[in-house]
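Since the structure comes first, as structure tokens, the remarks are kept for the end.
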Protein chains: 2
Amino acid sequence: MRIAIDAMGGDYAPQEVLKGVSLALKSDPGLEIVLVGKKETIEAMVREEGLSFNYSLLSASEEISMGEKAVISVRRKKDSSIVKGIQLLKEGRADAFISFGNTGAVVAASTLYLGLIEGVERAGIALVYSGLHGPSLIIDVGANIDAKPQYLFKYGIMASIYAQEVLGIERPRIGLLNIGEEESKGTGFIKEVHTLFERSSLNFIGNVEGKDIFRDICDCIICDGFVGNITLKVAEGTMEAMGSFLVSELKSSLWGRLSLLLGKGSFERLKRLGDYAEYGGAPLLGINGLVIIGHGRSRALAVKNAIRVAKKEIKQNITEKIQEKINVIG
Amino acid sequence: MRIAIDAMGGDYAPQEVLKGVSLALKSDPGLEIVLVGKKETIEAMVREEGLSFNYSLLSASEEISMGEKAVISVRRKKDSSIVKGIQLLKEGRADAFISFGNTGAVVAASTLYLGLIEGVERAGIALVYSGLHGPSLIIDVGANIDAKPQYLFKYGIMASIYAQEVLGIERPRIGLLNIGEEESKGTGFIKEVHTLFERSSLNFIGNVEGKDIFRDICDCIICDGFVGNITLKVAEGTMEAMGSFLVSELKSSLWGRLSLLLGKGSFERLKRLGDYAEYGGAPLLGINGLVIIGHGRSRALAVKNAIRVAKKEIKQNITEKIQEKINVIG
């Protein structure tokens, strides 16, 4: 099993990426890791951090930064870590590619160089997070913002396969993110998607609302990339705001500081609710190859977990399963 | 000052609505309240709850339930509390109307019977909530889901006037809800809205993201009703999930229970973050009259606060100010 990792992408790269790889190799020394990026930078950081692990290195002289335009950058920067990593996957010299860098560039490079699975019109980013009852998935959180009803329907099929094979959920419940539960709710676009799901053999439970994302009524939430991206960031922002408000409130009094100390374990478990680091990475579904997009703010633990996800996807042949079933289900 | 209140709307009506009115009248005995709804039901509940306050009653024999289709119901149920309340406003026999009932029906009745302010193409619901730094506003949270760029631009103008006059914010910062901060981000639709704001004299700060809704970078967040409704419910659902997770975690151990006890004040203040009850109601902006839409789950305190908001809007002549400025700003 060989996994290629973009060593240059993310807010804490290459340092935290390398530390995460080191952690992953400690628990699975047989794993082959290909680090993609600037040779000198990577080697210097490995030394500096006192890390010691086996890896091969694929040199890439260019970097695509977070703010760069996706399509233009992947066409121009052929020697970037993202494009080189994706090419490695295409040539069959890696089984999966993980990047914590520019999401748009990873989506563009994957679509351009690996191509879409036959029957899939657009790739979608499936974010897996911890709900109150266990893992939940939301797709698309930003791969494609100009959606058509058919795209969302395919997201549903892919989500169902992924949730079953990788997350181990039997007959995953599929919900359509809408502004009300009733069938009559929503835009014309959403109603069309609803009809497609209703006619399918998927375990479609109907519309779900924004307040349902953590509730045990649905395993896979389907939406377009614009709405999904906002949903993800609103949840993230709300958690951060609540967390920092509570901590500063408690710290302001003696009883509060004692409360914080006594409840330490609970506060720490709360932090894991909805935490991307727990899961580690979001699979880009619909392309010919296993690509995982990690959060830009990933630290070592999130990197390690992203590698764990990649291993599971490789084991379950998730691309092949989507290829087989995408045109059968429906 | 005379405020009409839909006594039949909301999950806890008429009981909690009446208790809220009673609270409001205790702090302002000079206020005139018109309760709109079923005479016998209201009178029986006032007796049952042992309430004693002055009110006049406008009898309405019909009710529009939460699930009913908006436009059809307000056309058919002319004797419903929503339609009768709006009519009272139109006839100048009330200065504001508050309902905790079917949001769609209130929007439809307002648009149909009161009409839109000249220059406004669609009404928008402006939700005011407590951010980390003070009151924030998001418009539209669900009045209209098939938006055009011009509608969102007008929401921005109205939000700016409202935030300044009612919330007391000097030169309110206007942000456009998008999937990234860069100007190049988002759909073609969003980019058009961006251009309209950029060319205006409003204090436009550019794009904001879902993670920014509680941050002190923006006072008014502009979005279409579909995205706004999902944003509002995701934030609400995230808070509820976090709250119930934390409480059940802490309750499961002795130290945790002690922590909960010691931090009681802080946990209670946390609950108020983003709480609609704190503010009480969401003004429906853009129509010829002051209409306030309360959350369906409003209890007495939220009802009292909605009345406080209505009083402030009446005092500030908010409809007239929007009428004056809507075609001047831009």
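Points worth noting:
- Any hit, the range B:43-57, residues being surrounded by fewer than 21 Cβ atoms within 10 Å (Cβ to Cβ), on the phi > 0 side of the Ramachandran plot and over 19 Å from the mean Cα position of the chain (by Cα): yes
- The residue of the range B:187-213 that is farthest from the chain's Cα centre (by Cα), among those that are facing chain A (nearest Cβ under 7 Å) and surrounded by fewer than 24 Cβ atoms within 10 Å (Cβ to Cβ), is B:Thr187.
- Residues in the range A:297-328 that are under 28 Å from A:Glu121 (Cβ atoms) and either hydroxyl-bearing (Ser, Thr, Tyr) or at pLDDT below 90 (or both): A:Thr319, A:Asn327, A:Val328.
- Candidates A:Gly134, A:Gly210: the one that is at positive phi and out of contact with any Cys (no Cβ under 6 Å at 6 or more places or on another chain) is A:Gly134.
- Verdict on B:Ala105 being touching a residue at least 40 places away in the same chain (Cβ under 8 Å) and under 19 Å from the mean Cα position of the chain (by Cα): yes
- Selection within the range A:276-296 - among the small types (Gly, Ala, Ser) and touching a strand residue (DSSP E or B) at 6+ places or on another chain (Cβ under 9 Å): A:Gly280, A:Gly281, A:Ala282, A:Gly286, A:Gly289, A:Gly294
- Test: B:Ser22 is in contact with a Lys or Arg (Cβ under 8 Å, 6 or more places away or on another chain), over 30 Å from A:Ser184 (Cβ atoms), polar (S, T, N, Q) and surrounded by fewer than 24 Cβ atoms within 10 Å (Cβ to Cβ): no
- Among residues of the range A:261-270, those that are surrounded by 19 or more Cβ atoms within 10 Å (Cβ to Cβ) and either under 23 Å from the mean Cα position of the chain (by Cα) or part of a helix (DSSP H, G or I) (or both), counted: 4
- Every residue from the range A:109-119 that is under 15 Å from the mean Cα position of the chain (by Cα) and without any contact (Cβ under 8 Å) to a residue 60 or more places away in the chain: none
- Residue within the range A:305-315 that is over 10 Å from the mean Cα position of the chain (by Cα) and part of a loop (DSSP other than H, G, I, E, B) present: no
- Here A:Phe97 meets the list (1) under 14 Å from A:Leu35 (Cβ atoms); (2) out of contact with any Asp or Glu (no Cβ under 8 Å at 6 or more places or on another chain) almost entirely, failing just condition (2).
- Residue count for the range A:280-306 satisfying the condition of being surrounded by fewer than 21 Cβ atoms within 10 Å (Cβ to Cβ) and under 17 Å from A:Gly134 (Cβ atoms): 0.
- Listed conditions (1) of a type in the set (A, V, I, L, M, F, W, C); (2) at pLDDT 95 or above; (3) surrounded by fewer than 24 Cβ atoms within 10 Å (Cβ to Cβ) are all met by B:Val234, apart from (3).
- Subset tally (residues that are among the basic types (Lys, Arg) and more than 17 Å from A:Ala4 (Cα to Cα)) for the range A:309-327: 2
- Taking the criterion of being of a type outside the set (A, V, I, L, M) and crowded, with 21+ Cβ neighbours inside 10 Å, the only residue of the range A:238-255 that qualifies is A:Thr238.
- Residue match in the range A:221-228 (condition: within 14 Å of chain B (Cβ to nearest Cβ), out of contact with any strand residue (DSSP E or B) (no Cβ under 7 Å at 6 or more places or on another chain) and among the β-branched types (Val, Ile, Thr)): no
- Selected residue [surrounded by fewer than 22 Cβ atoms within 10 Å (Cβ to Cβ), in contact with a strand residue (DSSP E or B) (Cβ under 7 Å, 6 or more places away or on another chain), of a type in the set (A, V, I, L, M, F, W, C) and facing chain B (nearest Cβ under 7 Å)] from A:Leu258, A:Leu273: A:Leu273
- Qualifying residue in the range B:303-317 (condition: facing chain A (nearest Cβ under 10 Å) and of a type in the set (Lys, Arg)): no
- Restricting the range B:130-148 to residues that are away from every other protein chain (no Cβ under 11 Å) and surrounded by fewer than 23 Cβ atoms within 10 Å (Cβ to Cβ), the residue that is farthest from A:Ala241 (Cα to Cα): B:Lys148
- For the range A:164-186, the candidate set comprises residues that are over 20 Å from A:Gln150 (Cα atoms) and within 23 Å of the chain's Cα centre (by Cα); within that set, the residue that is surrounded by the fewest Cβ atoms within 10 Å (Cβ to Cβ) is A:Glu170.
- A Cβ distance below 7 Å, combined with a sequence gap of six or more or placement on separate chains, defines the contacts here; from the range A:59-88, residues that are within 14 Å of chain B (Cβ to nearest Cβ) and more than 18 Å from A:Ile42 (Cβ to Cβ) reach residues that are among the β-branched types (Val, Ile, Thr) and outside any helix (DSSP H, G or I) in the pairs A:Ser73/A:Ile64.
- Filtering the range B:261-270 to residues that are under 30 Å from B:Ala306 (Cα atoms) and more than 7 Å from chain A (Cβ to nearest Cβ) leaves B:Lys264, B:Gly265, B:Phe267, B:Glu268.
The values are calculated or read from the model by the stated rules, or taken from the named source; none is laboratory data. All values derive from a computational prediction rather than experimental measurement. FYI the Cβ positions are ideal-geometry reconstructions off the backbone, even for glycines, and counts take in every protein chain you see.
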